[in-house]
Amino acid sequence: MSLRVLQFGTTGQVGLELLRQAPAHDVAVTALSRAQADLADPAACAAGVRELRPDLVVLAAAYTAVDLAETETALARTVNAQTPGAIAAACAEVGAAMVTFSTDYVFAGDKGSPYVEDDPVGPPNAYGLTKLEGERAVLAACPRALVLRTSWVVSAHGKNFVKTMLRLAGEGNPLNVVDDQFGRPTAAADLAAFVLSQAPRLAAAPAGDPLFGVHHFANAGEVSWRGFAQGVFEIALGAQAPEVGAIATADRPSPARRPLRGTLDTRRLEQVYGVTPRPWREALAEIVADLKAQA
Ligand SMILES: NC(=O)c1ccc[n+]([C@@H]2O[C@H](COP(=O)([O-])OP(=O)(O)OC[C@H]3O[C@@H](n4cnc5c(N)ncnc54)[C@H](OP(=O)(O)O)[C@@H]3O)[C@@H](O)[C@H]2O)c1
């Protein structure tokens, strides 16, 4: 019998990729949209888990508006921490394993080298703080939960850096991109592929298994936003790639502070799961091909 998966979130980058790839796996997915399960309502979301009694819950929805979270912190906290905690408690009750996503923004970004899972946290903004609270709430409530921290998520869907850069290049204006923030771009498709391929193991693993707890997943290769933009243009536009000027974070003030180097070290995941995330350029080439096919 197929593994029964309950997915929260159907329209985001990761949610869409999960839905797109699920047919290639032996899973029966029930996916709840915002209209069916609003994460602003913890009790309703937890009730969804109790009703469906799945083998695995994947929480692909979150409050992701990083700058707005500075002012909408109460809502961000409910969506990113309280509700994930309530879902995790319901998972523990019905015997479901759980996967949720977190962020490099739980780190201050001043370590000077890539972050491992047990490094001290220090979120530089409200979004990162609510996601950290979510990690803690989930792990406290459900012993069979995987918290997958990731970074710089991109895809051919939704709002993301790749699409924004290509739009700006199309407008033909001079481009200046931040060159002093570093991280690891991650394809939503690779996150989805990882979760779906590991779903049977997660659903079968007992509490205490090293599969659970916090793991880092990001495509391989550290780059600045400017370097990432240059990669996007090289792959998408080849000889027509525009020049990309360098600016500093301080030149582009934003409501939420960003970590300068929140780069995630993924070696724990590579050892425990036996999976090595591929280089970001490879994943990006597929996204660009996807975008061209859509055009
Ligand atoms: N994007 C990144 O760069 C990044 C980096 C690190 C970690 N992450 C984490 O990775 C996960 C997936 O991110 P993503 O990029 O796929 O996010 P995304 O594209 O911004 O999508 C967010 C999803 O959450 C849903 N959502 C928001 N508020 C909701 C609510 N109150 N009730 C129900 N659904 C709600 C959205 O639904 P609507 O379409 O209805 O708004 C959408 O489906 C998140 O946990 C995020 O924190 C993302």
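The values are calculated or read from the model by the stated rules, or taken from the named source; none is laboratory data. Keep in mind it's a predicted model, so treat the numbers as computed, not measured. Heads up, the Cβs are rebuilt from the backbone with ideal geometry, glycines too, and the neighbour counts pull from every protein chain shown.
Structural remarks
- For E234, the requirement of being surrounded by fewer than 16 Cβ atoms within 10 Å (Cβ to Cβ), modelled with pLDDT of 95 or more and either of a type in the set (D, E) or touching a Cys at 6+ places or on another chain (Cβ under 7 Å) (or both) is met.
- Considering the conditions (1) surrounded by 18 or more Cβ atoms within 10 Å (Cβ to Cβ); (2) over 30 Å from G95 (Cα atoms), D190 is excluded by exactly one of them, (2).
- Residue list for the range 252-291, filter: closer than 27 Å to A65 by Cα and exposed (fewer than 11 other Cβ atoms within 10 Å of the Cβ): P253
- Listing of helices (runs of 4 or more DSSP H) fully contained in the range 39-153 that carry 3 or more residues being on the phi < 0 side of the Ramachandran plot and either of a type in the set (D, E, K, R) or more than 14 Å from the ligand (Cβ to nearest atom) (or both): 42-52, 83-94, 126-141
- Residue in the range 197-210 that is charged (D, E, K, R), surrounded by 16 or more Cβ atoms within 10 Å (Cβ to Cβ) and within 16 Å of the ligand (Cβ to nearest atom) present: no
- Selection of the range 130-169 for residues being within 14 Å of A62 (Cα to Cα), hydroxyl-bearing (S, T, Y) and out of contact with any Leu (no Cβ under 8 Å at 6 or more places or on another chain) yields only T130.
- Close pairs (9 angstrom Cβ cut-off, 6 or more residues apart or separate chains): closer than 22 Å to S151 by Cβ in the range 2-27, more than 9 Å from the ligand (Cβ to nearest atom) and among the charged types (D, E, K, R) anywhere: E17/D190
- Looking only at the range 11-24, and only at residues there that are buried (at least 18 other Cβ atoms within 10 Å of the Cβ) and more than 6 Å from the ligand (Cβ to nearest atom), the one that is farthest from L59 (Cα to Cα): A22
- With a requirement of 1 or more residues that are among the β-branched types (V, I, T) and in contact with a His (Cβ under 9 Å, 6 or more places away or on another chain), the helices (runs of 4 or more DSSP H) lying completely within the range 210-295 that satisfy it span 267-273.
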